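A short worksheet on the structure shown next.
The values are calculated or read from the model by the stated rules, or taken from the named source; none is laboratory data. Worth saying up front: this structure is predicted, and the values here are computed from it rather than measured. Quick reminder, even Gly has a Cβ in these numbers, built from the backbone with ideal geometry, and neighbours come from all protein chains shown. With ligands, DNA and RNA removed, areas are computed over all heavy atoms of the protein, side chains included. Shrake-Rupley method; radii C 1.70, N 1.55, O 1.52, S 1.80 Å.
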Amino acid sequence: MALLELHNINTYYGNIRTLKDISLKVEAGQVVTLIGANGAGKTTTLRTVSGLLRPRSGEILFDGHPIHRIPAHEIVYLGLTQAPEGRGIFPTLTVQENLNMGAYSLGGDRGAIEANRERVYELFPRLAERKRQLGGTLSGGEQQMLSIGRALMARPKLLMLDEPSLGLAPLLVRAIFETVQAINEQGVTVLLVEQNARAALRLADYGYVLETGAISLEGPAQELLHNERVRHAYLGEV
Amino acid sequence: METFLQQLINGLTIGGFYAVVALGYTMVYGVLKLINFAHGDMFMWGTLTGWALLTTVFASFTDMDVIAILAASVVVLAFIGVMGMTIERVAYRPLRSAGRLSPIISALGAAFALQAVARNVSDARWRTYPEGLLAELPNVQLTGRVSLSGLQVLMLVTCAAVMIGLYLFVQRTRVGTAMRAVSLDHDVSRLMGINVNRIISLVFFIGPALGGLAGLLIGIYYGSFNFTLGWVFGLKAFIAAILGGIGNIPGAVIGGFILGISETMVVAYGPDIGLADASAWKDAIAYVLLITILIARPTGILGETVAEKV
Amino acid sequence: MNEALKRLPRPAPWMGQLALLLFAIALPYMGFMDRSRTSLAVFAGVYVMLGLSLNIVVGYAGLFQLGHAAFFGLGAYTAAILSIEHNITILATIPIAALVAGGAAMLVSKPILHLRGDYLCIVTIAFGEIFRIAVTNNAFGITGGSNGLFGAGRPELPLPWLSPVPEIVLVLLLIGHLLLTQRSGPVLQWGGAGVIALAYFLLPPLAGHDQVFVISMAMGLLAVAGVAFLRERGLDWRGQVIGLLVIVILFAAFGAARGDQLAASIDGNLDKYFNVQDPVTVLGVDVTPVAFKRDARPYYFLVLGFIIVTIVGMRRLQNSRLGRAWLYVREDQLAAEAMGIDTTQVKLIAFALGSAWAGVAGVLYASRFTVVAPESFNFLQSVIMFCIVVLGGSGSIPGVLVGTLGMVVLPELLRDVGPTFLYEGAGPFVILALILGGHLLSARDRGQAAVIETGLIGAAFFVPPLLLGEPSLYVIGLLMALAMIIVLPLLRRRTSNALPWVAGALAAYALVMIVIGSQFGQDLEREISAFRIMDWRDGLMGVAMVVMMVLRPAGIIPERRKGIVMSAVAEPSGAGPAVAVQQAT
Ligand SMILES: Nc1ncnc2c1ncn2[C@@H]1O[C@H](COP(=O)(O)OP(=O)(O)OP(=O)(O)O)[C@@H](O)[C@H]1O
Ligand SMILES: [Mg+2]
C-alpha cells in the first residue's frame, strides 16, 4: 500500500471542473514529482490533498486512512505537510515564530519542537543566523528555505512542495534540490510539484504529467526524462 | 498646570476604557478583516449584566462590594465572551466567503438585535448602579490639588493589566502566535495544523469578554447608563483602534489614550480658546481626529503601509 | 427544467415593468390607502430615491458609504433654509440643493477616496456623525439646533387631474411611444399614436366622465402597452391594422360596459380625499393650486415622477462608459488602473453624483414633511439606506425597490399590527407562507429534499395548535418553524440524511408541546397579548438583516452583471486575478 493514493479525484472551482479524475500514488520513501504547464492544476491537486479544497468526488488515502473529508488542520496531525505555492511565509512573524507555527500540531511539547528546530537550522544554517528577523524581510531564497523548514517542523511522513524553485537564481535552485534530496534521504517521502521538469525528474523516482487537469502521462522518472513528448513539451528540446 | 495634570489623569482613565474596548475591535479585525459593529453593544451588555447582577443577585453583598464586583466580573467575562462566540458562529461564519458588504450588514443587524433586547430588558430607562461602590478606596494625592480617586486608580490598573496581559499572551504564547498567524493568512495557518475556526472563536471570546469587563467598570465609574451607551462609545473605541493602526494591539492602546486625552482636554480648555460650547461638540472630536490622522497616515499611527486591493 | 417549459412564451421584461408602473399609478386610489399610508408611500418613495442614489456609490462603484444621510440632510436643510429665510419656492431649490450636496461630497471625499474599503466605511460614518452633531448644535446659527427647522414651504402645484397636467402626460406618452416604435413601420408608429390619443381623449368621456385624469392616463398607458405588444409579435401591416382595431374595440367595449362604475368610484374617491375647490382659470387654462398640506397624493405623483426619471437615468448610466469604468473599479481596482481608468476621478464622480441625488431627495423630503430635524439624518438612516442597497442586491435597481419595502415600508406597517396578528386570523398563515416560500426558493437546488424540508417546516408550525387547540400557540408554531429553518442546514451538514432526525425531533417536540400547552396555554395567550411589537421592531429588523444576509449573501435580487464580470476576470491569465476576487474577504 502506497503512502498516499488519489483515486479519481474531481475538484471544482465553482462550476469549473479543474481536476478531472486524477489518480496517483506516492510510495513511501520515494520522491514523486508532478509536472505540468501553468494552470494545469498542480497547485489545485496539492490543495485538495491538504484539505484546503474539497474534491467533489473521489478518494484520497493517506497511510491507509481516507482523508478527503478531514479538515485541513487535522490532516497535518497525520503527518502530511506542505510548503505552499508562493511560500506562504507569515511576514510579521519572526523566523523562529514561523518555524514554531510549523510545529503547532506538536502541541506544547517544547523539547520536540526545540529538537526539530535544531534539525531545520542544521539543514538551513542561514535561518539560524536570522531567527529573530521578521519573515517578510527575508530574501526570496531564504523564504523558500523557511517555508520548507517550517513544513518539516511537524516531522511529516510526507512533505509536499509546490514549486520550491520558483523565482530563484540557478545556483540556489541547485541548493534547494540538493536539500530536498537530503530530506528524502532522512526518510521523508516527498511529493514535488515543479515547472523545472528536468531538475525534478532527475531527482525523482517517479513522475506524473498533468495536462489541463488530467494525468496524461506517468512513469519512472528516468523513463519520462527520455520520453519524446516530455522532452518536447517540458524539457524545451526540439 | 495642576488643572492640566488633573485633566490628564481624567483623560487617561477614559482613554483606558477606549483602549480596552478597542482591543476587541482590533483583534477581530485582525483575524476576519471585519468591523464587528456588534462589539460596542456587547460592551454595553457588560454594563447591563453588571448592573443586573449588582442590583439583584449580588445586592446582598453590599458590605463586601469588592467580592460582589469580583463575582460580577467573572460572570460578565464568561457571559459576554460566550455572547461574542455565538454571534460569530451565527452571523459571521456563514458569510466568511461572501464578500465584504454582507458581513457589514450582518454585523449591524446583530448590533440592532442586541440593542433591542437590552432596551426591553432595561425598559429603555436610565439605570443606576448601587451607590457608593468601592467608595472606601483611598484617594491618591499626587501634588497639592491633583489627586486620583481610588476608583480611577483601580480602573487604570485594571486596564493596564488587561492590555499588558493580552499583549504578552499574543506575543509570547503558542496560541497567541497562532492568532497572529491566522490574521495573516487563513489557508497557510490551516496548513500548519491550526484550527482556524477555533482561533477565531477564541478571539470572539476574548475581545467581547474584555469589552464586557470594561462595560462593567464603566458602569461603576459613571454610575448610570442606558441601552444606547454601546453605540457611540463603541464607535469611538473603534476609531481609537484605527487611529493607532488597526490589527495592532499597542496601536489600539495608543489610539485609546490619544482619544481619551484629546476629548478631556478639548472639553476643559475649549472655552479658553473660543469654543464656548466645547462639551456639546465633544463627540465630534473623535471623528475629526480620525479624519485628520487617516488623511495624514492612511493606515493609522502604528499601521504598516500595506497596499491592499479594495 | 424540461424543454416544453422553456419554450413557453415568457413575458417580456417590459411587461413586468409596465405592470409595476400601472400599479404605482393606481396605488394611491386603492381602497386600503388612507392618508397615513399614502404619506408612508411618499416617505418610501423618498427612500427609493435615496437607495437609488446610494446604489451609484455602493452598488456601481463599490465604495462603502455609511454616511449617506448627511447628504440627504444637506439637501433638506438647504431647501428648508432657502424656503424659510429667503422665500424661494421649495421645488426651485432642487438644483441648488443638488449642487450643495454634490459639492460637499466632492470636497470631503477627495482626500479620503484612496482609503481602502473599511477605512472608507468608518470615515463616512465620521462625516455623517459630524454633520449630525453640527446641525444639532446649530452650526452657523442657521440649522435650528436639535429642534430643527419648521415650516419649509409646501409647493403649490396644480391638481394632477386638471388641465394642463393630463395634456402634458399625454404628450410624454406619445413621445415615448414614437421613440419606442421608431423602427416598427408607419402603421404601428402613427396608427398606434392615433389609438393612444383616442384612448386618451375619447374613451374617458365614453366611460361617462370627461375630466378624470386617472382614467385617461390608465387608458393611454394601456394603449401604449397594447401597441408595444403588437410590435413584438412581428406582424405584417395587415395584422398590425387588425391588431390596432382590436385594441380600439376592446377599449370601447370596456368603456361602455364598466366605465361609468369605474368613473363613479374614482370620482367618489377624489371627492372624499381632495375637496376640489372652484377651479381658477387663467386664459382658459385651469391653474387651480392646491395646498399640498391637505393630501399626500400630489406628492406621491411628484416623487413617482422623480423616481421614474432616476431609474431611466440610472439605466443609461449603468451602460455608459462611466458605468463600465465603475464596474472595473469595483471588481478589480488594479486592473482598472492598468486599463488606464483614472480610478480616483471615477470614484469621485460616483460620490458626487450619488450625493447630489440624495440632496434632491432631501428637497422632496423637506417639501413634504416641512420639518427638517437632525434625527432624520442620523446614523440609523444611513444604515437603512445602506441596507436598502445591499439587502436588495448591491447594484440592482429592482433590488432597491424590494429593499425599501423591507427596510422602510414593512417596519412602518408593523406599527398597525397588534400582537394578536401573530395568532389571530390570517396573520400566522401569511407569515408561514412567507417562511415556506422563502425556504423553497433558497433550497430549490436540492429538488425533492427541498419539498420534504418545506413540509417539515409546515408540520413544525401546525403541530402545537392542532394538538392543543389553543390558537395562541400559532406563535409557538411560528417560532418552531423558524427554528427548523436554522436547524435544517446544520443537520444537513452533519448527516447525509437529516430527515429521520428532524422527524424524531418533531415528535419529541410535539410531546413537549402537549405537556406545556395543557399547563400554560392560557398564560401564554396573556403574555402574547401584552407583547408590544414596536418595542421589538429594531431588534426584529436586526435579526432579519442577519438572516437575510446568511441566506442570500448577494442580496434578494442580485445584480446580473456581476457574474459576467467575475467570469471575465477569472478566465485568462492564470490564477492571479481569480484568486484575488475569491479571496477579497
Ligand atoms: N481560486 C480559484 N478560483 C477559480 N479558478 C481557479 C482558482 N485557483 C485556480 N484556478 C484555476 O484552476 C486552474 C488550475 O490552477 P492551478 O493553480 O492548480 O495551476 P498550476 O498547475 O498550479 O499552475 P502554475 O504552474 O501556474 O502554478 C487554472 O486554470 C486556474 O485559473
Ligand atoms: Mg501552481
Could you name every one of the helices (runs of 4 or more DSSP H) located completely within region B:1-87 that has at least 3 residues being farther than 29 Å from B:L108 by Cβ? B:2-32, B:65-87
When (1) open to solvent by 10 Å² or more (accessible area, probe 1.4 Å); (2) polar (S, T, N, Q); (3) part of a helix (DSSP H, G or I) are applied to C:N87, the one that fails is (3)
Please go through (1) modelled with pLDDT under 85; (2) open to solvent by 10 Å² or more (accessible area, probe 1.4 Å); (3) away from chain B (no Cβ under 14 Å) for C:I81 and return the number of the only condition it doesn't satisfy. (1)
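Can you go through B:S106, B:S102 and tell me which one is closer than 22 Å to B:L202 by Cα, without any contact (Cβ under 8 Å) to a residue 24 or more places away in the chain and open to solvent by less than 30 Å² (accessible area, probe 1.4 Å)?
Details: B:S102 fails: closer than 22 Å to B:L202 by Cα.
Only one candidate qualifies: B:S106.
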Enumerated strands (runs of 3 or more DSSP E) restricted to region A:140-230, each holding at least 2 residues that are away from ligand 1 (no atom under 16 Å from the Cβ): A:158-162, A:189-194, A:214-220
Checked C:G399, C:G393, C:G403 against criteria (open to solvent by less than 10 Å² (accessible area, probe 1.4 Å), within 11 Å of chain B (Cβ to nearest Cβ), touching a Pro at 6+ places or on another chain (Cβ under 8 Å) and not acidic (D, E)); the one match is C:G393
State which residue is nearest to ligand 2 (Cβ to nearest atom) when the search covers only region A:48-66 and only residues that are surrounded by fewer than 15 Cβ atoms within 10 Å (Cβ to Cβ) and not basic (K, R). A:S57
Positions within region A:12-47 being more than 9 Å from ligand 1 (Cβ to nearest atom), over 17 Å from A:D205 (Cα atoms) and open to solvent by less than 10 Å² (accessible area, probe 1.4 Å), in sequence order: A:I22
Among the listed residues B:R198, B:R190, identify the single one that is touching a helix residue (DSSP H, G or I) at 6+ places or on another chain (Cβ under 8 Å) and either without any contact (Cβ under 8 Å) to a residue 12 or more places away in the chain or under 25 Å from B:A107 (Cα atoms) (or both). B:R190
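Is it true that A:G64 is away from ligand 1 (no atom under 16 Å from the Cβ) and farther than 20 Å from A:M153 by Cα? Break it down into steps so the answer makes sense when it comes.
Values: away from ligand 1 (no atom under 16 Å from the Cβ): yes; farther than 20 Å from A:M153 by Cα: yes.
Spelling it out, A:G64 is indeed away from ligand 1 (no atom under 16 Å from the Cβ) and farther than 20 Å from A:M153 by Cα.
In this structure, is A:I113 more than 16 Å from ligand 1 (Cβ to nearest atom) and closer than 21 Å to A:T189 by Cβ?
no
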Any idea which residue in region B:60-95 is surrounded by the most Cβ atoms within 10 Å (Cβ to Cβ), counting only those that are more than 7 Å from chain C (Cβ to nearest Cβ), free of Cβ contacts under 8 Å to residues at least 12 places away in the same chain and not aliphatic (A, V, I, L, M)? B:F61
Using the structure shown, decide if B:F37 is buried (at least 21 other Cβ atoms within 10 Å of the Cβ), touching a helix residue (DSSP H, G or I) at 6+ places or on another chain (Cβ under 9 Å) and within 18 Å of B:V253 (Cβ to Cβ). no
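In the set B:V162, B:V175, B:V203, which member is in contact (Cβ under 8 Å) with a residue 40 or more places away in the chain and open to solvent by 20 Å² or more (accessible area, probe 1.4 Å)?
Numbers: B:V175 fails: in contact (Cβ under 8 Å) with a residue 40 or more places away in the chain; B:V203 fails: open to solvent by 20 Å² or more (accessible area, probe 1.4 Å).
Just one listed residue meets the conditions, B:V162.
I'm trying to understand the selection: among the residues of region C:360-376, which are of a type in the set (S, T, Y) and open to solvent by 10 Å² or more (accessible area, probe 1.4 Å)?
Within region C:360-376, the subset of a type in the set (S, T, Y) is C:365, C:367, C:370, C:376.
Residues satisfying the conditions are C:Y365, C:T370, C:S376.
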Any idea how many residues of region A:67-85 are open to solvent by 40 Å² or more (accessible area, probe 1.4 Å), within 16 Å of ligand 1 (Cβ to nearest atom) and assigned by TED's automatic domain parsing to the domain that holds A:Y13? 0
Sole exception among (1) open to solvent by 40 Å² or more (accessible area, probe 1.4 Å); (2) at positive phi; (3) of a type outside the set (V, I, T) for B:L134, by number: (1)
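Regarding B:F233, is this residue under 30 Å from C:K347 (Cα atoms), among the aromatic types (F, W, Y) and open to solvent by less than 50 Å² (accessible area, probe 1.4 Å)? Working first, answer last.
Values: under 30 Å from C:K347 (Cα atoms): no; among the aromatic types (F, W, Y): yes; open to solvent by less than 50 Å² (accessible area, probe 1.4 Å): yes.
No; evaluated as a whole, the condition is false for this residue.
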Could you please give the count of residues in region C:322-331 that are open to solvent by 20 Å² or more (accessible area, probe 1.4 Å) and within 14 Å of chain B (Cβ to nearest Cβ)? 3
Among the residues of region C:349-359, are any crowded, with 24+ Cβ neighbours inside 10 Å and farther than 20 Å from C:A126 by Cα? yes
Which residue out of B:I293, B:I199, B:I218, B:I242 is within 14 Å of chain A (Cβ to nearest Cβ), assigned to a helix (DSSP H, G or I) and hydrophobic (A, V, I, L, M, F, W, C)? B:I199
Output the strands (runs of 3 or more DSSP E) that fall wholly within region A:1-120 and possess 3 or more residues being within 13 Å of another protein chain (Cβ to nearest Cβ), or say none. A:80-83
Quick one: how many residues across region C:55-69 are open to solvent by 10 Å² or more (accessible area, probe 1.4 Å) and part of a helix (DSSP H, G or I)? 0
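Determine if region A:166-185 includes at least one residue that is within 28 Å of B:I199 (Cα to Cα) and more than 10 Å from chain B (Cβ to nearest Cβ).
Residues of region A:166-185 within 28 Å of B:I199 (Cα to Cα): none.
No, the conditions are met nowhere in region A:166-185.
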Identify the single condition in (1) modelled with pLDDT under 90; (2) under 23 Å from B:V28 (Cβ atoms) that B:A124 does not satisfy, given that it satisfies every other one. (2)
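Restricting attention to region A:166-177, does a residue exist that is within 16 Å of ligand 2 (Cβ to nearest atom) and either surrounded by fewer than 17 Cβ atoms within 10 Å (Cβ to Cβ) or under 19 Å from B:L191 (Cβ atoms) (or both)?
Taking region A:166-177 first, the residues within 16 Å of ligand 2 (Cβ to nearest atom) are A:166-168.
After this cut, where a residue has to be either surrounded by fewer than 17 Cβ atoms within 10 Å (Cβ to Cβ) or under 19 Å from B:L191 (Cβ atoms) (or both) as well, the list is A:166-167.
Scanning region A:166-177, I find at least one residue that is within 16 Å of ligand 2 (Cβ to nearest atom) and either surrounded by fewer than 17 Cβ atoms within 10 Å (Cβ to Cβ) or under 19 Å from B:L191 (Cβ atoms) (or both), so the answer is yes.
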